Amino acid sequence: MKATSCPPCATIKPVQFTEHGTTRMDNYSWLRADNWQEVMKDPSVLSADIREYLEAENAYTNTQMADTETLQSTLYQEMKGRIKEDDSSVPSNDGTYAYALKYIQGGQHPIFYRLFLENNHEEILLDGDKEAKDKAYFKIAGASHSDDHRFLAWAYDDKGSEYYSLKIRDLASGKDMDEIITDTGSGGVWSSCGKYIFYVRLDENHRPSKLFRHEVGTDSALDALVYEEKDAGFFMGVSRSQSGAYIIIDIHDHETSEVRILRANSPLGTPEVVQPRVVGVEYSLEDRGDELFILSNINGAEDFKISSVNVHDQLKHKDPNLWKDVVSHQQGCLIRAMTVYKDYFVRLETYEGLPRIVIHAFEGNVEHEIAFAEEAYSLGMIDGYEFETTNLRFTYSSMTTPTQTYDYDMATRSRVLRKTQEIPSGHNSEDYITRRVFAPSHDGALVPISLLYHKDTALDGQAPCLLYGYGSYGISIPASFQGNALSLVDRGFVYAIAHIRGGKDKGFEWYKTGRRETKKNTFYDFIAACSYLNDKGYTSYERVVAHGGSAGGMLMGAVANMAPDRFSGIIAEVPFVDVLSTMLDDTLPLTPPEWPEWGNPITSEGDYRYIASYSPIDNVSAQDYPAIFALGGLTDPRVTYWEPAKWVAKLRAKKTSDSLLMLRTNMDAGHGGASGRFERLKEVALVYAFAIKVAQSTGNT
């Protein structure tokens, strides 16, 4: 597919960098704004030459996609038609109230409300649409009420840069108090008395490094520093245990963690370390009275186990030898999450690539599993506010089944369906087929692939395919309901998710063999998945459009270099493609915490050379490339806007094919794209229109 107008040509300004005796040339480093920290907070300060280039690329993209405007509008209306506009979550009880959120007809943002259980009276706490008025970007990070139900702490981002502002609302008057706490990592966590709130503040490099305590009604400049993390390689977050007894300070990178706890009823106290950090040991915890329950990978339990220990003994001795296993380590059975209630603890685990929920009753120490019938599905647990309860709320969906919310009685083992995701435009699960197949990779490893296609789609090699992949940080992509994808599937596409190494879909080993010095397995697995779908007649190479975002965008860049002939098109959203330069720049927000995931090319020549061997920008070459659509966000603190910009500029200069190459930078948003549930759909429609356009250039769709 030929470009019909002249694309922008980025100015070449060569800069040399030398590391470990190797010199490399970067012709487009000028696209990285020297004042990027300021740009995150105020996009208007972006230098004119960079803005001009990004806007020229946006204009070119608009020109190239002009022939799909009607299609985009149709796709948008289809996807919007699958959303119940006046929707509401299932209320969650907390004392005399039940809390929930809802959307109204035409509303873009959530409305937080509560019901007074005695008479079912509804009270609006926070109207997201009202707060977002006249803002180009607006996102609420969350809202949490104090234990006495008097106050609501809520945080918002109005730049897309993930610098959140925290406000406190007096629920009696419905008005926000005078104090505004800026540059927070997200929301706040209440003390038991409702007088104090704990929050994490971001530093000048966008790192969550300091925990503060704020007293309601006082100047935030007087807030007390509770804990400061000196190591730039660690993230920090704050939460409250399910029992409500503890404030939990979680400090971690991608392979090591440390937890400090503070009694929620003693907010002026000093947090205590539960177990000092040890490289490679990860743990998290919940409590039940004087007993801590610890989910950890200690002593080689790479798929994690659950232990218990007396909280006073542990805080005094800090000795993991005191821990007693409650759920022993089982190789290949990955424990993903744990929640502790008064009489039960519940764990979400993955076995043989599928999730399951297991309930453990303290009385009698008996366990049972909640059973499901479909071949591939997704599960999630919703903790709620209550500790003394027999009720467990969970969600279930599959690629053909819309999300269902259940309340499960852990004592009687009965479940009640509380809500089924409504598809206003209609949805018949029997019209679709979902399958789980396995592709042999280069070394014999079997890569799971989740498939969705219409029952009338002929599997004769002629069907187009959108093949999605991620494969990093141990994140597994669930085989959940994808309402938007139906717009492709109804047009004859096979929608496929490749569960490649780098995720934990088949346990920790699956993650371990797709990171650091084995990262290339992630790329080989994705290529193998594509080859399998071609060989088995689900699609053909000339009809496969690959799709990934963030670290999955790095995957897109890598496979474009390694196997460009296997794909007709590639969609790379906020793609992490300048891996080597980013990992060498320790001033960027995520670089030090990311070294355990990718390696540290500053200190290790081996890490440098391995990253250099796959980093997408560094391996762009003079070869034919498929059609590529890259998308970025100007205020993105995770994958900075200049990564896709530099990548596209270099591809234009190097590639030998006349295939379409486009860059779109959202000048009003960051990593998550447009805010608002409908505005985001417009971006999805644009991406899907590209996929359809590419597929139509090689066959009928």
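The combined condition, being more than 30 Å from residue 491 (Cβ to Cβ), touching an Asp or Glu at 6+ places or on another chain (Cβ under 9 Å) and among the polar types (S, T, N, Q), is not fulfilled by residue 665. Only helices (runs of 4 or more DSSP H) whose full extent lies in segment 534-605 are considered here, and the ones with at least 1 residues that are aromatic (Phe, Trp, Tyr) are 591-598. Only one of the listed residues (537, 549, 514) is within 21 Å of residue 452 (Cα to Cα), within 19 Å of the chain's Cα centre (by Cα) and not acidic (Asp, Glu). That residue is 549.
Applying the condition of being part of a loop (DSSP other than H, G, I, E, B) and in contact with a Gly (Cβ under 7 Å, 6 or more places away or on another chain) to segment 150-170 and asking which residue is surrounded by the fewest Cβ atoms within 10 Å (Cβ to Cβ) yields 150. Scanning segment 171-189 for residues that are outside any loop (DSSP other than H, G, I, E, B) and of a type in the set (A, V, I, L, M) yields a count of 4.
Scanning segment 304-316 for residues that are closer than 22 Å to residue 210 by Cα, buried (at least 18 other Cβ atoms within 10 Å of the Cβ) and under 28 Å from the mean Cα position of the chain (by Cα) turns up nothing.
Of the residues making up segment 128-149, those that are in a loop (DSSP other than H, G, I, E, B) and within 17 Å of residue 677 (Cβ to Cβ) are 132, 133, 135, 136, 137, 138. One residue is enough: does segment 339-352 have a residue meeting the conditions in contact with a Phe, Trp or Tyr (Cβ under 7 Å, 6 or more places away or on another chain) and within 28 Å of residue 485 (Cα to Cα)? No, that holds for no residue. Residues of segment 550-567 that are surrounded by 24 or more Cβ atoms within 10 Å (Cβ to Cβ) and touching a His at 6+ places or on another chain (Cβ under 9 Å): 556 alone. Within segment 531-572, the set of residues being within 19 Å of residue 672 (Cα to Cα) and polar (S, T, N, Q) comprises just one member, 550. Please verify whether segment 79-86 includes one or more residues that are crowded, with 16+ Cβ neighbours inside 10 Å, closer than 30 Å to residue 149 by Cα, of a type outside the set (Phe, Trp, Tyr) and at pLDDT 95 or above. Within segment 79-86 (the criterion being crowded, with 16+ Cβ neighbours inside 10 Å, closer than 30 Å to residue 149 by Cα, of a type outside the set (Phe, Trp, Tyr) and at pLDDT 95 or above), the answer is no, since none of the residues qualifies.
The set of residues in segment 408-422 that are crowded, with 17+ Cβ neighbours inside 10 Å and touching a residue at least 60 places away in the same chain (Cβ under 8 Å) comprises 410, 421. Residues in segment 626-651 that are of a type in the set (D, E, K, R) and in contact with a strand residue (DSSP E or B) (Cβ under 6 Å, 6 or more places away or on another chain): 636 only.
Of everything in segment 355-369, what is surrounded by fewer than 19 Cβ atoms within 10 Å (Cβ to Cβ), of a type outside the set (Lys, Arg) and in contact with a Leu (Cβ under 9 Å, 6 or more places away or on another chain)? Give them in sequence order. Listed by number, the list holds a single entry, 358. Looking at 71, 54, 75, 125, just one residue is free of Cβ contacts under 8 Å to residues at least 60 places away in the same chain, buried (at least 16 other Cβ atoms within 10 Å of the Cβ) and either in contact with an Asp or Glu (Cβ under 8 Å, 6 or more places away or on another chain) or not assigned by TED's automatic domain parsing to the domain that holds residue 388 (or both), and that residue is 125. The requirement of being in a helix (DSSP H, G or I), buried (at least 24 other Cβ atoms within 10 Å of the Cβ) and β-branched (Val, Ile, Thr) is satisfied by residue 522. Can we say residue 461 is touching a residue at least 12 places away in the same chain (Cβ under 8 Å), in a loop (DSSP other than H, G, I, E, B), outside the structural domain of residue 366 (by TED's automatic domain parsing) and closer than 26 Å to residue 337 by Cα? Judged against the criteria, residue 461 is not a match.
Residue by residue, here is whether (1) at pLDDT below 95; (2) out of contact with any helix residue (DSSP H, G or I) (no Cβ under 6 Å at 6 or more places or on another chain); (3) of a type in the set (A, V, I, L, M, F, W, C); (4) under 19 Å from residue 143 (Cα atoms) holds:
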{"site": "195", "(1), (2), (3), (4)": "no, yes, no, yes"}
{"site": "209", "(1), (2), (3), (4)": "yes, yes, no, no"}
{"site": "216", "(1), (2), (3), (4)": "no, yes, yes, yes"}
{"site": "227", "(1), (2), (3), (4)": "no, yes, no, no"}
{"site": "250", "(1), (2), (3), (4)": "no, yes, no, no"}
{"site": "263", "(1), (2), (3), (4)": "no, yes, no, no"}
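Of all residue pairs spaced 6 or more apart or on separate chains, those with beta-carbon atoms under 9 Å, a first member in segment 24-36 that is without any contact (Cβ under 8 Å) to a residue 40 or more places away in the chain and under 14 Å from residue 10 (Cβ atoms) and a second member that is surrounded by fewer than 19 Cβ atoms within 10 Å (Cβ to Cβ) and of a type in the set (D, E, K, R) are 30/13; 30/49.
The conditions of being over 27 Å from residue 256 (Cβ atoms), crowded, with 20+ Cβ neighbours inside 10 Å and either free of Cβ contacts under 8 Å to residues at least 60 places away in the same chain or not assigned by TED's automatic domain parsing to the domain that holds residue 544 (or both) are met by residue 570.
A quick yes/no check of all residues on (1) closer than 22 Å to residue 238 by Cα; (2) touching a His at 6+ places or on another chain (Cβ under 9 Å):
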| position | (1), (2) |
| --- | --- |
| 279 | yes, no |
| 293 | yes, no |
| 302 | no, yes |
| 327 | no, yes |
| 330 | no, no |
| 344 | no, yes |
| 366 | no, yes |
| 387 | yes, no |
| 390 | no, no |
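The values are calculated or read from the model by the stated rules, or taken from the named source; none is laboratory data. Predicted model only: the values in this text are computed from it and were never measured. With ideal geometry, Cβ positions are generated from the backbone for all residues, glycine too; neighbour counts draw on all protein chains shown.
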